[in-house]
Amino acid sequence: MPTRRAWKRSSNDRTPEQRYWRILCVCEIANFVSLRRHLGRARADSLILDVAARITALCPDIRLAPVGRALIELAFERDTPEAAAADVDRLRKAFHRRIDLDGEPYQLQMHFGVAAAPACEDDEVRLAEAAESALDQARHEGRVVMLDLSRADLAFDKLTLMRELPGAISNGEMFLQYQPKVHVRRQEITSAEALVRWQHPTRGLILPGDFISVAEEAGEISSLTLWTLRKVIDDQKRLAACGHDLRLFLNISGMLLADASFVAEASEIVRATDAKLGFEITETAVIRDPESAIRHLQAFADIGVQLAIDDYGAGLSSLAYLKQLPASELKIDKMFVLQLTSSNRDPLIVRSTIDLAHALDMEVTAEGVESPSALALLSVMGCDMVQGFLISRPIGFDAFRKFLDDDAHRTNAGGAPTSFIRPESFWKRA
Ligand code: C2E
Ligand code: CA
Ligand code: CA
């Protein structure tokens, strides 16, 4: 099966210098659940192959990778984003025709989320996240959504972003994705992390790495974080109402821990709700102004906010402060976890961090868990929780709720304890 690494290939004998676009399209059978009711489970499980056959018949050069029972990824190259859009439109129209399944005609409803990037751009993760975000948008808007990353490329001049950010918050351009954390021994999704994204009207998806520091410099980080806090509370309640009362964590920039008015306002919002919340904070935030940071963190802990120390090991670590923080969780930075099974040093660092955290009565989360071998090693080392692409990428609220529903069904049906773990190829597709 072709994989995302296939992007590395220069197809159609094109040289990298030639300007062409790499396209990643994620398509979803929107009415899969109702089709499964008619077709039965076994037949529905292979439905995606019928979808693949129809796509190949129309565009034989498209490389296909089913990534679930109702989802398939299409990878191809075109000279312009417009040419790609035209092909996706042909595919969309092709699915207006009913499909013959074992002699019976069925109507498939399809969603298409597309990301296009110039060939010189080599960031597969960004392309994949953009395609997934386009699919999210396509589900909401009921149309094909295409994001052109080349426009985002031109975009990241800080001054423009700074000017646009306040409007973006009030215009509803920010949205959250959630990434589950799984408790290794309990084999349960126990919490999730909220990650903010900016769906820019012309530049497409902008990830936090490109705008959080801008928000900090522009003095907008407080209002962005208060918006996130309110949204997370709302989402936590909606999830609890459907039987998934799990704790949702959000990231709090270090500089906010020294901002008394942010702390006062955030505390007021938290006190007014019984939603289960957690804050992720980096250690370096505390080192900058330990006295007020520790006082403010204690204030949050006193009103029921659980605290996790984020990116442990990435910055300057200070064991002296670690002991004084009212944190119940330590998150090992993904840079140690990604190389866990290929480096000699990283397993030692991870192992001793786990022991240290346990000695301080903290649970340990490893982030960036991408492979079954890393999970196996972390489990042996006594790591409490894992988070990473192996379990799920960050996904929009509706997809996250569905993920939790599916997981609950499997558990209730007495599914295998490791049922949340998909084969490596499922999430990582590499
Ligand atoms: P973080 O808190 O360390 O978040 C985890 C990042 O790792 C996320 O990137 C996530 O998509 C990525 N990730 C998760 N699993 C894996 C994996 O298995 N492999 C790899 N390679 N990466 C993985 P993202 O969403 O781009 O966020 C980047 C950073 O932006 C976050 O790092 C966090 O520091 C910051 N951020 C995100 N949302 C907020 C927010 O609401 N407020 C503040 N202040 N910062 C935020
Ligand atoms: Ca985090
Ligand atoms: Ca982190």
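The values are calculated or read from the model by the stated rules, or taken from the named source; none is laboratory data. Predicted model, so just to flag it, every value in this text is computed and none were measured. Every residue, glycine as well, gets a Cβ built from its backbone with ideal geometry; the counts of neighbours run over all protein chains shown. For the accessible areas, the whole protein counts, side chains as well, though only heavy atoms, and no ligand, DNA or RNA atoms are used. Shrake-Rupley method; radii C 1.70, N 1.55, O 1.52, S 1.80 Å.
So what does the Cα-only Debye profile of the stretch 4-154 read at q = 0.15 Å⁻¹, as log10 I(q)/I(0), no solvent term?
Reported log10 I(q)/I(0), two decimals: -0.75.
Number of Lys pairs in the stretch 158-426 with C-alpha atoms less than 19 angstrom apart, excluding same-chain neighbours closer than eight positions?
Lysine pairs meeting the criterion: 11.
Given Cβ point charges of +1 (Lys, Arg) and -1 (Asp, Glu) and nothing else, what value in debye, to the nearest 20, does the dipole of the stretch 158-426 about its Cα centre take?
Values: 26 positive and 36 negative charges, 98 e Å.
Approximately 480 debye in magnitude.
Over the Cα atoms of the stretch 256-386, Rg to Rh with Kirkwood Rh, two decimal places?
Values: Rg = 15.7 Å, Rh = 15.5 Å.
The Rg/Rh ratio comes out at 1.01.
Find, to one decimal place in angstroms, the Kirkwood hydrodynamic radius of the stretch 92-170, where the mean of 1/r is taken over every pair of different Cα atoms and then inverted. Mind showing how you got there, number by number?
Values: mean 1/r = 0.0658 Å⁻¹.
Hydrodynamic radius (Kirkwood, Cα pairs) of the stretch 92-170 is 15.2 Å.
Considering only protein heavy atoms and a probe of 1.4 Å, how much of the accessible area of the chain is carbon and sulfur, as a whole percent? Before the final figure, lay out each step's value.
Numbers: 9900 of 18960 Å².
Using a 1.4 Å probe with all protein chains present, the chain comes out at 52 percent carbon and sulfur.
Given the chain, what whole percent of its Cα pairs are spread farther than 27 Å? Can you show the working numbers first?
On the way: 52301 of 92235 pairs.
Result for the distance tail: 57 percent.
Taking amide hydrogens as modeled 1.01 Å from N in the peptide plane, which residues meet the under 5 Å criterion relative to residue 395, leaving out close sequence neighbours?
When sequence neighbours closer than 5 places are left aside, the close amide H contacts are 178, 179.
Given only helices, namely DSSP H runs of n ≥ 4 each adding -39500 (n - 2.57), what is the per-residue ellipticity at 222 nm of the chain, to the nearest 500 deg cm²/dmol?
Values: 18 runs with 191 residues, N = 430.
Only helices count here, giving -13500 deg cm²/dmol.
Take the alpha-carbon centre of the stretch 355-401, take the same for the stretch 71-106, and report the distance between them in whole Å.
Centre-to-centre (Cα) distance: 37 Å.
Quickly rank 22-30, 275-283 as a protection proxy: mean count of other C-beta atoms within 10 Å, highest first. Mind dumping the intermediate values first?
Values: 22-30: 23.6, 275-283: 22.0.
Top to bottom by mean Cβ count within 10 Å: 22-30, 275-283.
Send over the semi-axes of the stretch 145-265's equivalent ellipsoid, whole angstrom and largest first, taken as the square roots of 5 times the C-alpha gyration tensor eigenvalues.
27, 19, 13
Go through the stretch 226-239 residue by residue and turn each phi into a ³J(HN,Hα) via Karplus (6.51, -1.76, 1.60, θ = phi - 60°); whole Hz please, and just put x for glycine and proline.
The phi angles translate into 5, 4, 4, 4, 4, 5, 5, 4, 4, 5, 4, 5, 5, 5 Hz.
Quick one: how many Å² of residue 385 are accessible to a 1.4 Å probe, rounded to 10?
The accessible area comes out at roughly 10 Å².
On average, how much accessible surface per residue is there in the chain, in Å², for a 1.4 Å probe, leaving out ligands, DNA and RNA?
Values: 18960 Å² over 430 residues.
Heavy-atom SASA per residue in the chain reads 44 Å².
Toward the positive end of the charge dipole of the chain, about the Cα centre and with charges on Cβ (Lys, Arg +1; Asp, Glu -1), which of 33, 144, 290 goes farthest?
33
Consider all pairwise Cα distances in the stretch 126-204 and report the whole-number % of them above 22 Å. Before the final figure, lay out the partial values.
Values: 1167 of 3081 pairs.
Beyond 22 Å sits 38 percent of the P(r) for the stretch 126-204.
In whole Å, what are the extents of the stretch 260-321 along the principal axes defined by its C-alpha atoms, from largest to smallest?
Each principal axis gives a Cα extent; for the stretch 260-321 these are 35, 21, 16 Å.
Expressed in whole Å with the largest first, what are the equivalent ellipsoid semi-axes of the stretch 311-365 derived from the C-alpha gyration tensor as the square root of 5 times each eigenvalue? Walk me through the intermediate numbers first.
Details: eigenvalues 81, 24, 18 Å².
Each semi-axis is √(5λ); the values are 20, 11, 9 Å.
Count the DSSP beta bridges whose two residues both fall in the stretch 158-426, then state the antiparallel fraction as a percent rounded to the nearest 5. Before the final figure, lay out each step's value.
On the way: 16 of 38 bridges.
Given both bridge residues lie in the stretch 158-426, the antiparallel proportion sits at roughly 40 percent.
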